[in-house]
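Heads up: the structure comes next, in structure tokens.
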Amino acid sequence: MDPISKMRRLECHKLQTNTSKSLLYDGFRHKIFVCRYGLPADRLWISVYEDDDETFALWHDELGIPKERIKRLGEDDNFWTSGVTGPCGPCSELYYDFHPERGTSDVDLGDDTRFIEFYNLVFMQYNKKDDGSLEPLKQKNIDTGLGLERMARILQKVPNNYETDLIFPILEKAAELANVSYALADDSTKTKLKIIGDHMRAVVYLISDGVNPSNIGRGYVVRRLIRRVVRTGRLLGVKGDGMGDLQGAFLPILAKKVIELSTNIDADVKTRSSRILEELRREELRFVLTLERGEKLLEQMLADALLNIQGTETAPCLSGKDAFILYDTYGFPVEITKEVAEERGISIDMNSFDIEMEKQRQLSQAAHDTVKLAVENGANHAEDIPDTEFLGYNTLHSKAVVEGLLVNGSPVAQVSKGGEVEILLNRTPFYAESGGQIGDNGFLYMMEAENGQKAIVEIKDVQKSMGNIFVHKGTITEGTIEVGREVEAAVDANLRQRAKVHHTATHLLQSALKRVIGQETSQAGSMVAFDRLRFDFNFHRSLQDKELEEIEGLINQWIGDGTILETKVMSLTDAKGAGAVAMFGEKYGEQVRVVEVPGVSMELCGGTHVSNTAEIRGFKIISEQGIASGIRRIEAVAGDAFIEYVLTRDNYMKQLCSTLKVKAEEVTGRVDGLLEELRLTRNEVSAARAKAAIYKASTLASRAFTIGTSKSIRLLVEFMDDIDADSLKSAAEYLVDSLKDPAAVVLGSCPGEGKVSLVVALTPGVVNLGIKAGEVIKPLAKSCGGGGGGRPNFAQAGGRKPENLLGALEEAREQLKNLLEK
């Protein structure tokens, strides 16, 4: 009997024995590796859990592995757990032996110079409880996995995973750009090339899947990897693009090789190549702008850290605050800072770094409300509440039973007039905020037995919590509402229609964007509100006016077509097969709701939509802007909000026409003319102020006094009332020319409430004495609560403490007098 037939028979036998591993044991793979891949049988070793006699016997008795090549290992190596508690079980691993000539005695499977683990079998047969005890799982299974790169390494007979044909072409390209030979390189250089190859493969696929570099979440992972590649390339000597353009970027060149290798694996990567290459180019060039300054600062910080411990037995350590400055100001991922520091034998105080990070998060985190049912004693209460049945696709009114009431997170039996309350119903027509669409507004009515009105609750928000429980947040405007009573739920039909209009318009917007700027663009977030919609998408530049016009034109054309929408529930596999667009990173169940505008868009969506595109009536983009690296945002209005927007803008135009006494088409020309008149008038006023300042300065020139021993140096320090900064500059330039070389002029003024202007002007003769205008003005500005700087011969500054100006000028006079007398 051939090996495969034997193994199939063995598998059938195990299905009859009803033990966990016998049901699912996949050890026959051993024969497949030998027969199909041509692996020498005497090079395969097996590990099993230390007391797993069943698996040991299966490998030895059924599949003929010699006992000396089956190793029993302990819990750390061969018992897999999903966490402190939960599914777990023993595992068995397959190893390939690169050096069988070393024999079978005193073998350590952890010796990676001889062995590589390439296949793993986890027998999920237990559940680990809180007390650490194990109980059998009702549904036992096996988790198997093979390392693709590891098998490639074995079959291709190369010394490591990086030199397989999956990665090595990237390493070769990086070596070419760095002008080094991988074959002749030392270990350090090879390690750097491996870092580049590994990271480049990762970032290309991540960007292809819509994960763009940023400072938060998964985007930060991408940015961190990119920046490590850039720095590693520089360490290898890659300059510019590595091909002669010193202002260019080398990551796109490496990415082309990754894309080439991916063509037969993931065709989408090639389709999205232009976006991938542009994103990498832009991210690299942006990082290079700050990298040199950051590297110099890091070198200085590390030198200081070493200097601080001289003469002590303390280990050198970089403060977390310094590491945070590098991260926050210069964009250095802390991992790179740590890597560079460790190269110098210096550690980083990560605790203080984490504190600085937390401070930043607290300052920048937008306040947002979260629904919490399990608070105080409410946890058990929440667990007793069943999922809410949603009726809102088909109706805006329904009867429901009050399953629970919460006040400040705690369950209560009733709430009276004026109380803020969260209401849990068994069924509801209210849409709960999800998928970017905000929750419905409306009312709940609880009636008397004689049909008299007893209680009214105004619902202002609906959220989902603990899976699929709808939380209706509102205020009791009349009467008292009680748990267990029936209510009439009524959604505000006007606001629901506004939300439906904006949600369908959002789908049309995504389709229009793909048609105008490229299919590779994808959604990065959205908000569907009653008064507007917001759509975030991946794109590397601002949209041109003609592109925005084309997008608006397409959407309004689709609206005018009056297309009937189709909504279906189908399996996720069928939906994707039909071409439905899914939001990257979103989790979907096995059954999904698909909303289609035939011929225009098809998306997985649980939101509410119009039945015909004609209901939208009109669409207008009101803004387009960048909100993060590689992320753009469009805000727009549709339906009633579109009509309101147009009418409001029309009223503004009518007011402008009335004020300017021109027709609507003449407004732009009239405004341009007024702006030109204003510019000319400002220039005239500025010139007049400068003349007045120069005239006043001419009256002050006589106050200059002569100091110095070897040279007669003229010094003038004066207060010039409320003269503005530009006029103060003109006055200083006039005075320094009038006083002749060598001369020094310091002027100050208070051009407005809480404002200080300062100027220091020096002739070449004074500068040649080693005195610089910037160094003179810094302490002066600091005294006045400000700062500034400039050239050696001329500096300007501002401040916010006019009350300190006269004293600061006097100090400056004495400082310069002492310097010049020397």
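A few comments on the model shown:
- Reported value for segment 184-305: 130 Å³ per residue, from the convex hull of its C-alpha atoms.
- With every protein chain in place and a 1.4 angstrom probe, the accessible-area ranking of V662, V756, largest first, reads V662, V756.
- For segment 594-654 versus segment 306-324, the gap between their alpha-carbon centres in whole angstrom: 56
- In a DSSP loop and with at most 10 other Cβ atoms within 10 Å, the GluC sites (Glu not before Pro) in segment 718-822 are E753.
- Whole-percent carbon and sulfur share, accessible surface of segment 595-732, 1.4 Å: 53
- Take C784: with every protein chain present and a 1.4 Å probe, its accessible area is about 0 Å².
- Between helix 545-561 and the chain: long-axis angle, C-alpha atoms, 0 to 90°, nearest 10: 50
- Listed pairs K514/K663; K157/K270; K691/K740; K128/K576 exceeding 28 Å between Cα atoms: K514/K663; K157/K270; K128/K576
- Whether the chain is rounded, prolate or oblate, judged on the alpha carbon gyration tensor where a/c under 1.5 counts as rounded: oblate
- Whole-Hz ³J(HN,Hα) from phi, Karplus 6.51 cos²θ - 1.76 cosθ + 1.60, for segment 683-700, glycine and proline x: 4, 5, 5, 5, 5, 5, 5, 4, 5, 5, 5, 5, 4, 5, 5, 5, 6, 8
- Note that segment 675-722 shows a convex hull volume over its alpha carbon atoms of 88 Å³ per residue.
- Summed residue charge, Cβ within 14 Å of H99's Cβ, Lys/Arg positive, Asp/Glu negative: -2
- Dividing the convex hull volume of the alpha-carbon atoms in segment 596-677 by its residue count gives 179 Å³ per residue.
- Angle in degrees between helix 805-821 and the longest Cα principal axis of the chain, rounded to the nearest 10: 80
- In segment 46-113, the C-alpha radius of gyration followed by the widest Cα-Cα span (Dmax) gives 13.2, 43 angstrom.
- Of the GluC sites (Glu not before Pro) found in segment 566-623, the ones in coil according to DSSP and having at most 12 other Cβ atoms within 10 Å of their Cβ are E586, E590.
- Note on surface exposure: I355, I385 rank I355, I385 by accessible area, highest first, 1.4 Å probe.
- For T337, T706, the ranking by accessible surface with the largest value first comes to T706, T337, using a 1.4 Å probe.
- Residues of the chain: accessible area per residue with a 1.4 Å probe, Å²: 51
- Above 16 Å, the calculated P(r) of segment 114-165 contains 58 percent of its Cα-Cα pairs.
- Per-residue SASA remark: F168, around 50 Å² accessible (1.4 Å probe; ligands, DNA and RNA not included).
- Rel. contact order, % - alpha carbon contacts under 8 angstrom, at least six apart, segment 151-226: 21
- Residues in segment 629-662 that a label on I622 would reach, taking backbone N under 17 Å of a point 7 Å out along Cα→Cβ: 633-653
- The local environment of P252, defined by Cβ-Cβ distances under 11 Å, has a net charge of -1 under the rule Lys, Arg +1 and Asp, Glu -1.
- The solvent-accessible area of L678, taken with every protein chain present and a 1.4 Å probe, is close to 80 Å².
- Nearest 10 degrees, 0 to 90: helix 168-178 Cα axis against the chain principal axis: 20
- Relative contact order (%) - criterion: Cα under 8 Å, at least six apart; region: the chain: 5
- Rg/Rg_globular for segment 621-724, with Rg_globular taken as 2.2 N^0.38 Å and Rg from C-alpha atoms: 2.13
The values are calculated or read from the model by the stated rules, or taken from the named source; none is laboratory data. Note that the structure is predicted; figures quoted are calculated from it, not measured. With ideal geometry, Cβ positions are generated from the backbone for all residues, glycine too; neighbour counts draw on all protein chains shown. Heads up: the accessible areas ignore ligands, DNA and RNA and are worked out on the full protein's heavy atoms, side chains in. Shrake-Rupley method; radii C 1.70, N 1.55, O 1.52, S 1.80 Å.
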